[in-house]
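Report on the following structure.
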Amino acid sequence: MNCDDVSKQSGLHPKPPGLVLQYGTAGFRTNAKLLDHIMFRMGLLATLRSKKTKATIGVMVTASHNPEEDNGVKLVDPMGEMVTPTWEGYATQLANAEQEDLLAALKDIIEEEAINMSQEADVFVGKDTRSSSASLSKAVLDGVSALGGRNKDYGLVTTPQLHYMVCCQNTQGKYGEATVEGYYKKLCQAFIQLTKNASNCTDDQKHLSVDGANGIGALKVREMESYLKKELHISLFNDGSAGKLNHQCGADFVKVQQNPPTGMKINSGERCCSFDGDADRIVYYYTDSEGQFHLLDGDKVATLISTFLKELLTQAGIDLEIAVVQTAYANGSSTNYLEDTMKVIVRCAKTGVKHLHHAAQEFDIGVYFEANGHGTVLFSKAAEEKIRQLAEDSIADDERKRAALLLQDTINVINQTVGDAISDMLLIEAILAIRGMTIQQWDAIYKDLPNRQLKVKVSDRRAIDTTDAERRAVSPTGLQEAIDTLVKKYSQARSFVRPSGTEDVVRVYAEADTQESADALAHEVSLAVY
Ligand code: NG1
Ligand code: ZN
């Protein structure tokens with residue numbers, strides 16, 4: 001390590017003394033003004049991680065659905081997955097070392113991980129459309145070069161696009177080409193192949209209204225349109241030309257408020273969807289003829305996708321284990337439907353994509369979605385191989401082969417590295433087209449239990465500790481008993497609390513047979529949290 005280079009460069013990105021930040025559920029995330037030194041240091045850390053893994057590492061500058069004033073950063077590991085927990089710990093150590101202790105903190109990591117500093121390093125960098133992202137991503141690049149790493153700056157990309165690039169690069173192109181164009185080509189070709197199986201699809205059915213949250217997703221949908229060869233007609237709203245990022249629009253707003261975004265023209269019965277600020281989440285919705293709003297969240301998406309996959313597996317006659325991974329926020333009706341009617345395995349993981357991703361890897365096919373619309377599907381190598389063999393089998397009967405080919409195209413339209421609004425949108429659109437299904441029919445698969453999410457400000461949210469995939473509180477004493485007593489007052493009720501990993505709040509979730517009961521229960525539980 002050239003200590004002089006690191007010292008000199010880090011002096012240009014000084015840490016505000018005393019500032020303490022933590023690498024949380026989604027990396028570092030706070031007001032953009034506090035992040036310059038964090039970005040520089042994440043450039044350093046990504047370079048070390050690259051030397052250690054002898055692979056390309058990604059750094060994404062984004063604060064997803066947070067307001068425009070915030071920003072954030074997360075690291076992407078070689079296969080496009082979230083960085084491992086030990087390195088999250090290093091990220092926190094490095095971020096919080098005072099200016100004069102930075103070299104020592106770096107040396108500690110190098111020693112602990114026995115990193116060969118003469119090993120070459122490669123880092124891919126991407127950023128969202130926030131006004132602070134340009135200078136912050138420049139700070140990341142400075143960090144990479146201070147340790148002699150090479151970088152490739154992808155500029156404006158969605159979070160899942162950057163994950164995809166990292167995976168393509170480290171699999172020598174086996175997953176696809178590590179370019180934005182390669183990404184569009186792979187996904188759109190698979191989408192067009194899939195929709196060839198949709199008979200009698202009218203122009204009306206090919207229409208979709210997209211709320212781009214005034215963010216990067218809008219830009220990328222525009223860029224992708226020509227590759228879709230008119231097989232999907234997108235009306236794009238909140239494209240960033242007028243409105244503010246995530247402000248009264250986007251997937252998080254729509255999901256939490258259970259209301260349509262502003263800035264969007266919605267005709268009754270029409271299919272609409274919203275992305276979040278970095279395009280890794282998607283939710284669908286429509287308004288009915290009475291003007292009532294209907295939300296199809298991540299649980300409905302998981303149900304649609306897993307039903308489709310299960311049917312194809314049956315048609316193909318391939319025996320593969322399929323599971324759906326959810327979190328405690330999954331609507332109780334979705335869990336019941338999946339377990340009792342669909343008869344698929346359902347697992348509950350802790351909030352945060354890395355937990356769901358990890359749980360989904362244990363199955364031949366793991367469909368994972370958070371209720372907020374973040375999710376994807378993972379296929380094991382063995383599952384992909386079985387499907388490929390059948391698709392190429394010259395003596396298999398036509399129906400089985402057709403199903404195998406559909407499964408192959410489905411695999412190709414999916415971004416398996418992480419939840420991806422664009423890829424999920426193409427898959428959902430293809431499934432609806434193939435099944436000749438309207439959004440109303442999709443919505444009617446099961447009826448959501450009324451629910452409510454609240455945020456509670458407390459002096460120390462870490463005082464709450466949970467177990468059983470966050471469904472039960474183990475501390476402070478008496479809290480879980482209080483929740484149990486409240487829940488018993490209502491029918492079909494469930495409630496839990498947990499400290500947020502991205503905001504300084506405790507989140508309260510409640511569901512019950514009526515909206516009034518869900519609201520009342522959430523309110524009563526939030527009082528028990530104080
Ligand atoms: P926290 O703040 O830990 O609840 C939120 C979301 C997560 C995940 C992360 C990262 C909810 C209830 N929580 O986490 O699902 O998406 O942000 O963005 O939606
Ligand atoms: Zn996001």
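No lab work stands behind these numbers, since they all come straight from the coordinates. What you see is a predicted model; the values in this text were computed from it and never measured. Methodologically, a virtual Cβ is constructed for each residue, glycine included, from the backbone with ideal geometry; neighbour enumeration extends over all protein chains shown.
Protection proxy ranking, highest mean first, for peptides 109-119, 345-355: 345-355, 109-119, where packing is the per-residue count of other beta-carbon atoms within 10 Å, averaged. Here the scattering of the chain is modelled by Debye summation over its C-alpha atoms, one equal scatterer each and no solvent; at q = 0.08 Å⁻¹ the log10 of I(q)/I(0) is -0.51. Here the chain is treated with +1 on each Lys and Arg Cβ and -1 on each Asp and Glu Cβ, and its dipole about the Cα centre works out to around 380 debye. When the listed pairs Lys74/Lys457; Lys52/Lys386; Lys310/Lys457 are checked against a 31 Å cut-off, the alpha-carbon distance exceeds it for Lys52/Lys386; Lys310/Lys457. In order along the stretch 25-35, the phi-based Karplus estimate (6.51 cos²θ - 1.76 cosθ + 1.60, θ = phi - 60°) of 3J(HN,Hα) comes to 3, 10, x, 8, 8, 6, 4, 4, 5, 9, 10 Hz; Gly and Pro are listed as x. Shown for Phe191, Phe237, Phe40: other C-beta atoms within 10 Å of each C-beta, ranked fewest to most, produce the order Phe237, Phe191, Phe40. Neighbour counts of C-beta atoms inside 10 Å place Ser500, Ser199 in the sequence Ser199, Ser500, starting with the fewest.
Cross-link reach is defined here as a Cα-Cα straight distance under 24 Å, omitting same-chain residues fewer than 8 places apart; for Lys230 the lysines meeting it are Lys185, Lys186, Lys196, Lys206, Lys220, Lys265. Amide H contacts of Ala279 (H built 1.01 Å from N, in plane; Pro and chain starts excluded): Gly217 sit under 5 Å, all sequence-distant by 5 or more or on other chains. For the stretch 262-267, putting each phi into the Karplus relation 6.51 cos²θ - 1.76 cosθ + 1.60 with θ = phi - 60° gives couplings of 7, x, 10, 8, 10, 8 Hz, in residue order, rounded to whole numbers and with x for Gly and Pro.
Which pairs in the list Lys8/Lys54; Lys300/Lys455; Lys300/Lys350; Lys354/Lys447 are over 22 Å apart, alpha-carbon to alpha-carbon? Walk me through the intermediate numbers first.
Numbers: Lys8/Lys54 26 Å; Lys300/Lys455 24 Å; Lys300/Lys350 19 Å; Lys354/Lys447 28 Å.
In this structure, Lys8/Lys54; Lys300/Lys455; Lys354/Lys447 exceed 22 Å between Cα atoms.
Sites listed here are trypsin sites (Lys or Arg not before Pro) in the stretch 87-132 whose DSSP assignment is loop and whose Cβ has at most 16 other Cβ atoms within 10 Å, and the list is empty. Between the stretch 479-530 and the stretch 222-255, the alpha-carbon centres lie 34 Å apart. Remark: the stretch 486-500, residue by residue, has Karplus-estimated 3J(HN,Hα) of 5, 4, 4, 6, 10, 9, 6, 9, 7, 7, 8, 10, 7, x, 5 Hz, where x stands for each Gly or Pro and the curve is 6.51 cos²θ - 1.76 cosθ + 1.60 at θ = phi - 60°.
For the stretch 21-72, the set of trypsin sites (Lys or Arg not before Pro) satisfying both a DSSP loop assignment and a count of at most 14 other C-beta atoms within 10 Å is given as Lys54.
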